[in-house]
Amino acid sequence: MIPSQQKPNVHLAALPLVDVLSLLGEQGECKYDPDLHTGPDAFEPETLLERQARIDAAKDICDSCPVWAACLEYALRTKQSDGVWAGHTARELAALRMASRSGSLGEAA
Ligand code: SF4
């Protein structure tokens, strides 16, 4: 779900990716606990229930993030394949990209 006031705008699309990433690192709410959005490393086990609870908590943090739109722009442009970005899992981001390509994203707005 994309809140209408937080849709990516043309200015973000024109920014170099390195600048967008820098903005996320400086102002993103996840900077306080990045593992929440990326998950534990390969040596730390995580059950499916723990994973879902972590993802839900990460999405809640994204909901109030001041750079949400920039994060979504970055995640879509870089085709992130892991983690939670702007409240979306990699699978949800892929679905957004497909919807955007097919034009159905604009119809829902
Ligand atoms: S929207 Fe979420 S993942 Fe993106 S910078 Fe903010 S807290 Fe981090």
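Every number in this text was worked out from the coordinates using simple rules, so none of it is lab data. Computed from a predicted structure; not experimentally measured. Methodologically, a virtual Cβ is constructed for each residue, glycine included, from the backbone with ideal geometry; neighbour enumeration extends over all protein chains shown.
Quick one: Gly25 ticks every box in (1) outside any helix (DSSP H, G or I); (2) without any contact (Cβ under 8 Å) to a residue 24 or more places away in the chain; (3) over 11 Å from the mean Cα position of the chain (by Cα) bar one, so which box is it?
(1)
Which residue pairs have Cβ atoms under 8 Å apart, sit 6 or more places apart or on different chains, and have a first residue in the range 76-97 that is in a loop (DSSP other than H, G, I, E, B) and a second that is of a type in the set (Lys, Arg) and within 12 Å of the ligand (Cβ to nearest atom)?
So the pair list comes out as Gly87/Lys59.
Quick check on my filter: what residues within the range 35-70 are assigned to a helix (DSSP H, G or I), surrounded by fewer than 13 Cβ atoms within 10 Å (Cβ to Cβ) and within 11 Å of the ligand (Cβ to nearest atom)?
Passing the criteria: only Asp60.
Taking the range 39-69 as the region of interest, how many residues are closer than 12 Å to Gly87 by Cα and of a type outside the set (D, E, K, R)?
10
Does Glu73 satisfy the condition of being of a type in the set (Asp, Glu), within 11 Å of the chain's Cα centre (by Cα), assigned to a helix (DSSP H, G or I) and more than 12 Å from the ligand (Cβ to nearest atom)?
Details: of a type in the set (Asp, Glu): yes; within 11 Å of the chain's Cα centre (by Cα): yes; assigned to a helix (DSSP H, G or I): yes; more than 12 Å from the ligand (Cβ to nearest atom): no.
No: the conditions fail for Glu73.
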